[in-house]
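The values are calculated or read from the model by the stated rules, or taken from the named source; none is laboratory data. Being a predicted model, the structure only gives us computed values, none of them experimental. Here the Cβ is made from the backbone with ideal geometry for all residues, glycine too, and neighbour counts use every protein chain on show.
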Amino acid sequence: MTGFLDFSTPSGFWDPLRWIIVMIIALLISYYIWKRGNPKHKKGEQIKPFFSGYDAPSPEDAHIRAGNIYWGFITALKRYYAFVKSIHTGNINDYIGWYVGIMALMLIVFLLWGGA
Amino acid sequence: MMSKIVRTQANILYPLILIFGFYIVAHGHLTPGGGFQGGAVIATGVALVAISFGYGKIKKWIKKTNLTAAEAVGLLSFIIAAFTGIGTSFFCNWLANSGLIFGDTVPYGPNPGYLNTAGLLPIMNLAVGIEVLGGLGVVVMYMLSAAKASEVK
Amino acid sequence: MLPFIITTIDALIIYLLLTAGSGDFLYFWSPEEFVMGIFLSIIVGALARNYLCHSKNYRMLNPVRWLKFVVYAIGPFLFAMAKANLDVAYRVITGKIRPGIVKIDPKLNTDFGVTFLANSITLTPGTLSVDVDEDTNVLYVHWINIPEGEEKKEYADIKKVCGSFADWARRVAE
Amino acid sequence: MRKALMAASLFVLFAALLYVAVNPSDFGAELGDHLVFGEPKYTDMDSYFIHNGQNQTAANNIVTSIVFDYRGFDTLGEASVLFTAVLGVGVVLRMLRGDENDE
Amino acid sequence: MIFEELIQVLLLVGLIITAYLSIRFKDLLACAVSLGAFSFLLSLEFYMLQAPDVAIAEAGIGAGLTTAIFILAIKATHRWEVET
Amino acid sequence: MLYNLPYITVAVVIAIGLYAMLYKRNLIKIVIGLSLIESGVNLFLVSLGYVQGGIAPIYTNAPKTEMVLPTPQALTLTSIVIGVATTAMLLSFCIVIYRHYGTLDSEKVRRLRG
Amino acid sequence: MIDIWFLTALILMIWIALSIIRVAAGPTAADRVVGLDTINTIVVALMIILSVAYNQLIYVDIAIVYALLSFVSTLYIAKYLEGGF
Amino acid sequence: MMWDFLMHNSPALIIAVPLFAAFFTPVIGRFSKKAMYAWVVGAMIFTEFLVLILLYTVYTYGTQIYVFGARPYSMAIPPDSGGIPVRIIFTVDSMSVFMAFIAATVGLAGAIYSVACEKGQSGQEKYYALVLLMIVGMLGMVLTGDMFNFFVFLEINSLASAALVSYRINKGVSVEAAFKYAVVSAIGALMILFAIGILYGEYDALNMAMIASRMQFTTLDKIAMALILVTLAMKCGSIPMHFWVPDGYGKAPGAISAMLVAASQASLYGLFRMCFTVFGLAASHITLGYFLIILGLISMFVGVTMALVQHDIKRLMAYHAVSQTGYMLLGVGVGLATWGTPAFSQYGFAAMEGGIFHIINHAMYKGLLFLTAGAVIYRVGTSDLNKMGGLAHSMKYTTIFFIIGALSIAGIPPFNGYASKLMIYESVYQFNPLLAVIAMIVSILTLASFVKVFHSAFMGPKIYPDVKEVPKSMLAGMAILTFFIILFGIFPQLAITYLVQPAASALANPIGYISRVLGGGP
Amino acid sequence: MLWWELVIYIFVAIGLTFNGLGVIGLLRFPDVYTRLHAATKATTFGSIFTSLAVIGWAFAQLISTGNSWNLTLALHTFFAIICLLLTNPVGAHAIARAAHRSGVKPKQAVVDRLEEVKE
């Protein structure tokens, strides 16, 4: 039952409009839940978070910089990254070398298995 | 600035190279040559006077803006000449064998060559000649200015 | 205006030289070639007038000078050139050279004259113009076989260096 | 390592280029068609140009008639390449005039 | 036509030699000179292959202007291949 | 009997150019290598069109014999002008790089990496 | 007659090949330029000879272009050696 | 009358109008800057209009051909030539016009965006002329049906792109990037020219259809195929020949990065065209297909993992461009590998559709992301993510556009990235489940890295207090691309029906292409 | 053998000889200046003579066949000679001057007046 706006995929269809309708309904429900919250709460009156007795860090310090995001992921893949970064030398000879190398490889591949 | 002898000789050679370049451009449809080759010859003439007089002097005589303008004019006339055939198709050589300017017919086979033939081709040759003259000339001038700047530094 | 006309006519002559034999107009040229030649010559004249007539010196317009030039070219010049080549052949085969750079003062005033002389010197026996003084037109000449005693002098003997060329240069160009 | 790999690939490419130039089938091997200097295999397009170019474009120089008529569009593109290069040189060397600007 | 082919053989050998020379020298100016010689010989080769249009273009653009541009670029940068 | 010799020259010249581009560390040397490759390709195109005993495809005052193929010559013309355009641009890049980096060594001209 | 022209051209070509030695060997850049200049001059002669050998007079134009333009690259190199632009 | 004229001559006019505008731009720029902006934007709008006309024509009447210089314009084969095309022929099938639409749209957005973004720079008339020439290069590459013409437009595209990459002489770094790009693309173009020479020497033809119909697939053809395909794969930025992509994309001005995406995709089009039309009838589909699939897989994975660790905003996005190119290669590669087998109609065609749909989606959202990155750099003055923060407070519209682009690239419904990715997943899953899993992992990592960008650039405390919203023309440039993202996101079937499906079927039907040119079929 | 053929042979022989001498001189001489002597003078002279042979051939053809394009051939060859004569000495002068300025000393020189001036 694919209509005009339905988007037929290899194993079914996908209707963005229905998805949007569902999303809007979900948003309405969440808005309703949010509305049921405590209306008397005001900013600045809340209790400060407790950091083992230390002061809470300022927003500037708490903001994680880009270089530190996904530190764990990168550390886990350390050897992979060491390899990949060693490839990206930034040397123009290497750029051409990769190009010529792949071309040589593909020449061999196409000469061996290229024909129909 | 090179020596006096080179400068004087460049002065003598410059109109010679120019007229020879224009000869090549104008006879592009008869003899070897054409817009690119003739334009390159003329640009080499510009390079000749540029090197013999030095950049400091030549930049007052041969202005980069003029060369750029020549290039733009050549390209515009080329594309307009190509565009005039749009009634049938883009780049249609409607002027050939039409009896108008450059519109004579040629007999088949070897012949001494007649200037008044080939339709749009001589016009395009001229346009491309002006374009290449401007383009290569301005490249040489830019490079000279770079060399001069390194000299100053 | 005069430079423009000179350059235009100059260019036209060269153009007609290049296209001679193209038709039967005036026995040699077809009318289209003539029209095209004039058109292109005017362009060249407009572009190159400040170069050909850079020195603002119109001495070379005199036909007598052209005649002298032709006489010079097929007379002393060709002879000297042949001599020069035999000389070079001799030097090449035997390897006898005694080179050095000497100074000559041809006492020429115009740029064209000194260019003329320098080119003649370069193409003729045993000499090669290396440098020229911008103000005094003194030529520095590389001489492949300096005669004994000539290197002591401040100015080399102009007759020994280039024969009668300086006179011819003066006759043609000044 | 890096240089050795480069040398190997350069060698393979050179072998391919040599294959284009010298075909083993000249020496008896069965490896298919190849180019022969001086004897092109098909010439139909070019003989069309040679035989009809003079009539159709009224130009004696067939190369010019190809450059400006049959393949005139290439020439337009090629003139644009020159224009591009001139603009590129101008853009790059404009720093020599002193108006350098940072991002 | 043996002479013509001998000329071509010599010419092609000369082309290879100048091409090799133009990357061999440490002096970039010498490389530019060799490249100029290569271009001129290439122009002659085009001439021999009956391509006069290409020969003119190569003589004018390839040999004249490219050499000039190379020399100007070397002037604006550095003459020797390995900088000390 | 000029057995495919131009093609072999083409192969050698292109290999020399590629060698320069792969192994030479000076940027201008790399541009020279590129220029060599371009010349090699031009020579290849022109020699493709050669016909044994042919003359140039120009009818002006031509003797009546076979003609060489004109299309490769037209292509080569285009290719030559493209080559000079590329060379000019690359050399101007080299000039600016030298002014900012003070070097043309490809081992040192690599601030962009990683 | 044709063979004579080709023979002449062949000998000129041998001279060119010899001049390449100077381009390769010349100790200073100026020597190489002299070699280049020699090559150019001989090539002009060779082109004129070949145009007769091929019986194609229009080929002489190439020789003229060559003679005019080879000079320019020589001048550029000389200018470099001289210094100052 | 006018309509007929435009309809018939639109393939020529699409090239002629921007070229004419480019040649005239320096002249106008000398007199008035404002007139130049109007001229450039007007030319781009007119080009877009012509592309739309061509789109309509091709969709209605089928493949169009335009023969330059022939009388009349539609006569591909002169009657006395014995059945060979002698002139340059523009063969515009649905795939070509699809790519032309992308190029013109991104070019229009880039031109409008540049008006404000490059206001302070010198040499603007050169900049705009180069922009127009670059668009000409892209359009010519995708519309032409002639090998050598393809090479010429490839050169225009490469040189103009390289010159534009170096436009901001940023302490030489951008010139370094431009040098690398120019060298690599120049050598690639020369190799393509060499391959064209081989093909010409064998078959004495330059027309793609003619070469395809005469193809005997000797060893020389295999060499030519390797040269052409590897070069085009390099030009479209697939790993491991992608090194110029982060440099070039990362250092170009904002609008140019967006247009470079479209330029790469023109090369991608060339790759597909060569694979399917020129060599497709003779070569082994399996080898070619796996060539594309493996390149695509490596590109996807390495690209996205390299993107994760970058802290330069544009370099990060450039690695994402590499990664997203992998999706297209994967989709079309699966289609190519199954071409001619029953599996093609089951899922191979759908994979091709997905890959091709991803091209337009990628051009739109990656273009949008580059434009937002350019906007951020325009206001902040640095491209280092470590020094940014809190821009959402002051650049609200840019933030919204960035969110839309980021969600779209990560494949979050209802944006367009989701639609094409869904197609690719489902069809590739049937081919080989592992590929689909890798594609999904890559998608997740993409989302992760854009969360990183969003967090460090737009969230957090205000570091730059005096930053304002970017000028209106920059927002207009972004809005054009956003419009298409939302349009194709909410109505994907629209794009599939009118753009993607005809394109994919045109690509998969080389016989039709050849017979259209050589005069057999419609 | 006609007389004009003989003339042409002689011209060609002279040209080849002098070109060869120039090249040998180019290879044998010790420094730039002396090499320039050989290269400029001898090759210019030799090239002129081979070209003169061509001109002679062209005129002979013109007389025997009456084709006007032989005149064109002769004139173009003449023009090429003029170009050679105009460019070659100046090129040699430029090289010599540049070599001297770049510090190449003339070998075996007995006197160098230019060096004295430069100080």
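Would you check if H:ALA178 is assigned to a helix (DSSP H, G or I), more than 8 Å from chain F (Cβ to nearest Cβ) and over 21 Å from D:GLY77 (Cα atoms)? Even if it seems obvious, please write down each step before you answer.
Numbers: assigned to a helix (DSSP H, G or I): yes; more than 8 Å from chain F (Cβ to nearest Cβ): no; over 21 Å from D:GLY77 (Cα atoms): yes.
Here the answer is no, as H:ALA178 does not meet what is asked.
Report whether or not G:LEU12 is crowded, with 24+ Cβ neighbours inside 10 Å and of a type in the set (A, V, I, L, M).
So G:LEU12 fits the description; yes.
Just a yes or no: is a residue in segment H:453-474 closer than 26 Å to H:LEU329 by Cβ and either outside any loop (DSSP other than H, G, I, E, B) or at pLDDT 80 or above (or both)?
Applying the first criterion (closer than 26 Å to H:LEU329 by Cβ) to segment H:453-474 yields H:453.
Filter once more, so that each one left must be either outside any loop (DSSP other than H, G, I, E, B) or at pLDDT 80 or above (or both): H:453.
Yes - at least one qualifying residue is present in segment H:453-474.
Please specify each residue of segment H:19-67 satisfying the condition of being among the hydroxyl-bearing types (Ser, Thr, Tyr), more than 17 Å from H:GLY107 (Cα to Cα) and within 14 Å of another protein chain (Cβ to nearest Cβ).
First, the residues of segment H:19-67 that are among the hydroxyl-bearing types (Ser, Thr, Tyr): H:25, H:32, H:37, H:47, H:56-57, H:59-61, H:63, H:66.
Those still in the list that are more than 17 Å from H:GLY107 (Cα to Cα) too: H:32, H:56-57, H:59-61, H:63, H:66.
The one that is among the hydroxyl-bearing types (Ser, Thr, Tyr), more than 17 Å from H:GLY107 (Cα to Cα) and within 14 Å of another protein chain (Cβ to nearest Cβ): H:TYR66.
If E:PHE40 satisfies all but one of (1) aromatic (Phe, Trp, Tyr); (2) over 16 Å from F:GLU38 (Cα atoms); (3) at the interface with chain G (Cβ under 7 Å from one of its Cβ atoms), what's the number of the condition it fails?
Of (1) aromatic (Phe, Trp, Tyr); (2) over 16 Å from F:GLU38 (Cα atoms); (3) at the interface with chain G (Cβ under 7 Å from one of its Cβ atoms), only one is false for E:PHE40: (2).
Failed condition for H:MET423, given (1) within 19 Å of H:ALA307 (Cβ to Cβ); (2) in contact with a strand residue (DSSP E or B) (Cβ under 6 Å, 6 or more places away or on another chain), with all others met?
H:MET423 satisfies all of (1) within 19 Å of H:ALA307 (Cβ to Cβ); (2) in contact with a strand residue (DSSP E or B) (Cβ under 6 Å, 6 or more places away or on another chain) except (1).
Just to be sure, is H:PHE5 within 10 Å of chain B (Cβ to nearest Cβ), exposed (fewer than 14 other Cβ atoms within 10 Å of the Cβ) and free of Cβ contacts under 8 Å to residues at least 40 places away in the same chain?
On the way: within 10 Å of chain B (Cβ to nearest Cβ): yes; exposed (fewer than 14 other Cβ atoms within 10 Å of the Cβ): yes; free of Cβ contacts under 8 Å to residues at least 40 places away in the same chain: yes.
When the stated conditions are applied, H:PHE5 passes them.
Taking the options A:THR89, A:THR9, name whichever one is at pLDDT below 85, within 14 Å of chain F (Cβ to nearest Cβ) and buried (at least 16 other Cβ atoms within 10 Å of the Cβ). Explain how you work it out, then say what you get.
Values: A:THR9 fails: within 14 Å of chain F (Cβ to nearest Cβ).
Result: A:THR89 is the single residue among A:THR89, A:THR9 that is at pLDDT below 85, within 14 Å of chain F (Cβ to nearest Cβ) and buried (at least 16 other Cβ atoms within 10 Å of the Cβ).
Among the residues of segment H:446-471, write down those that are crowded, with 21+ Cβ neighbours inside 10 Å, within 14 Å of another protein chain (Cβ to nearest Cβ) and either touching a Cys at 6+ places or on another chain (Cβ under 6 Å) or farther than 16 Å from H:HIS311 by Cβ (or both).
Within segment H:446-471, H:THR446 is the sole residue that qualifies.
So is F:LEU69 facing chain H (nearest Cβ under 10 Å) and in contact (Cβ under 8 Å) with a residue 24 or more places away in the chain or not? Working first, answer last.
Numbers: facing chain H (nearest Cβ under 10 Å): yes; in contact (Cβ under 8 Å) with a residue 24 or more places away in the chain: no.
Considered against the rule, which asks whether it is facing chain H (nearest Cβ under 10 Å) and in contact (Cβ under 8 Å) with a residue 24 or more places away in the chain, F:LEU69 comes out as no.
Which of the residues that make up segment F:17-38 are in contact (Cβ under 8 Å) with a residue 12 or more places away in the chain and within 10 Å of chain D (Cβ to nearest Cβ)?
Scanning segment F:17-38 gives F:LEU18, F:TYR19, F:MET21.
Is there a residue being surrounded by 24 or more Cβ atoms within 10 Å (Cβ to Cβ) and β-branched (Val, Ile, Thr) anywhere in segment H:339-355? Talk me through it step by step, then tell me what you get.
The first filter runs over segment H:339-355 and keeps only residues surrounded by 24 or more Cβ atoms within 10 Å (Cβ to Cβ), leaving H:348, H:350-355.
Of the ones still in play, those that are also β-branched (Val, Ile, Thr) are none.
No, there is no match, as no residue in segment H:339-355 is surrounded by 24 or more Cβ atoms within 10 Å (Cβ to Cβ) and β-branched (Val, Ile, Thr).
Which condition number in (1) surrounded by fewer than 21 Cβ atoms within 10 Å (Cβ to Cβ); (2) facing chain H (nearest Cβ under 8 Å); (3) within 19 Å of E:LEU35 (Cβ to Cβ) is the one that F:HIS100 fails?
For F:HIS100, the exception is condition (3).
Inside segment F:59-114, can you point out the residues that are more than 30 Å from H:ASN207 (Cα to Cα), touching a helix residue (DSSP H, G or I) at 6+ places or on another chain (Cβ under 6 Å) and polar (S, T, N, Q)?
Those that are more than 30 Å from H:ASN207 (Cα to Cα), touching a helix residue (DSSP H, G or I) at 6+ places or on another chain (Cβ under 6 Å) and polar (S, T, N, Q): F:ASN61, F:SER92, F:SER106.
Between F:VAL46, F:VAL41, F:VAL12, F:VAL84, which is surrounded by fewer than 24 Cβ atoms within 10 Å (Cβ to Cβ), among the aliphatic types (A, V, I, L, M) and free of Cβ contacts under 8 Å to residues at least 60 places away in the same chain? Before you say what the answer is, go through the steps one by one.
On the way: F:VAL46 fails: surrounded by fewer than 24 Cβ atoms within 10 Å (Cβ to Cβ); F:VAL41 fails: surrounded by fewer than 24 Cβ atoms within 10 Å (Cβ to Cβ); F:VAL84 fails: surrounded by fewer than 24 Cβ atoms within 10 Å (Cβ to Cβ).
So the residue among F:VAL46, F:VAL41, F:VAL12, F:VAL84 that is surrounded by fewer than 24 Cβ atoms within 10 Å (Cβ to Cβ), among the aliphatic types (A, V, I, L, M) and free of Cβ contacts under 8 Å to residues at least 60 places away in the same chain is F:VAL12.
Any chance segment H:312-330 includes a residue that's part of a loop (DSSP other than H, G, I, E, B) and farther than 22 Å from H:GLY250 by Cα?
The initial filter retains those residues of segment H:312-330 that are part of a loop (DSSP other than H, G, I, E, B), namely none.
Scanning segment H:312-330, I find no residue that is part of a loop (DSSP other than H, G, I, E, B) and farther than 22 Å from H:GLY250 by Cα, so the answer is no.
Considering every residue within segment E:11-21, establish whether at least one is touching a helix residue (DSSP H, G or I) at 6+ places or on another chain (Cβ under 6 Å) and touching a residue at least 40 places away in the same chain (Cβ under 8 Å).
Taking every residue of segment E:11-21 in turn, none turns out to be touching a helix residue (DSSP H, G or I) at 6+ places or on another chain (Cβ under 6 Å) and touching a residue at least 40 places away in the same chain (Cβ under 8 Å).
Consider H:ASN432 carefully, then state whether it is polar (S, T, N, Q) and under 30 Å from A:ILE74 (Cα atoms). Break it down stepwise before answering.
On the way: polar (S, T, N, Q): yes; under 30 Å from A:ILE74 (Cα atoms): yes.
Answer is yes for this residue.
What's the total number of residues in segment H:133-152 that are farther than 24 Å from H:LYS251 by Cβ and either part of a helix (DSSP H, G or I) or of a type in the set (Phe, Trp, Tyr) (or both)? Please lay out each step first, then the result.
Applying the first criterion (farther than 24 Å from H:LYS251 by Cβ) to segment H:133-152 yields H:139-140, H:142-152.
With the extra rule that they be either part of a helix (DSSP H, G or I) or of a type in the set (Phe, Trp, Tyr) (or both), the set shrinks to H:139-140, H:142-143, H:147-152.
Total satisfying the criteria: 10.
Can you tell me which residue within segment G:35-85, out of those that are of a type in the set (D, E, K, R) and under 27 Å from I:PRO30 (Cβ atoms), is farthest from the chain's Cα centre (by Cα)? Even if it seems obvious, please write down each step before you answer.
Step one: filter segment G:35-85 for residues of a type in the set (D, E, K, R), giving G:37, G:61, G:79, G:82.
In the following step, the residues that additionally are under 27 Å from I:PRO30 (Cβ atoms) were identified as G:37, G:79, G:82.
Values: G:ASP37: 6, G:LYS79: 20, G:GLU82: 23 Å.
Among those that are of a type in the set (D, E, K, R) and under 27 Å from I:PRO30 (Cβ atoms), it is G:GLU82.
Determine which single condition F:LEU77 fails, assuming it passes every other condition in (1) among the hydrophobic types (A, V, I, L, M, F, W, C); (2) facing chain H (nearest Cβ under 10 Å); (3) more than 18 Å from F:GLY33 (Cβ to Cβ).
(2)
For segment D:47-99, name all the residues that are surrounded by fewer than 24 Cβ atoms within 10 Å (Cβ to Cβ), small (Gly, Ala, Ser) and within 25 Å of B:ALA69 (Cβ to Cβ).
D:GLY90, D:GLY98
Quick check: is even one residue across segment H:395-410 of a type outside the set (A, V, I, L, M, F, W, C) and not in a helix (DSSP H, G or I)?
We begin by selecting, within segment H:395-410, every residue of a type outside the set (A, V, I, L, M, F, W, C); these are H:396-399, H:405, H:408.
Checking which are not in a helix (DSSP H, G or I) leaves us with none.
No, every residue in segment H:395-410 fails to be of a type outside the set (A, V, I, L, M, F, W, C) and not in a helix (DSSP H, G or I).
So B:VAL25 clears everything in (1) more than 28 Å from I:HIS93 (Cα to Cα); (2) over 16 Å from the mean Cα position of the chain (by Cα) except one condition, right? Which one?
The failed condition is (2).
Are any of the residues in segment H:91-105 assigned to a loop (DSSP other than H, G, I, E, B), away from chain F (no Cβ under 14 Å), at pLDDT below 85 and under 23 Å from the mean Cα position of the chain (by Cα)?
Filtering segment H:91-105 for residues assigned to a loop (DSSP other than H, G, I, E, B) gives H:93.
Now narrow it down to the ones that are away from chain F (no Cβ under 14 Å): H:93.
Okay, now just the ones that are also at pLDDT below 85, so none.
No, segment H:91-105 has no match at all.
So E:LEU11 clears everything in (1) assigned to a loop (DSSP other than H, G, I, E, B); (2) facing another protein chain (nearest Cβ under 7 Å); (3) of a type in the set (A, V, I, L, M) except one condition, right? Which one?
(1)
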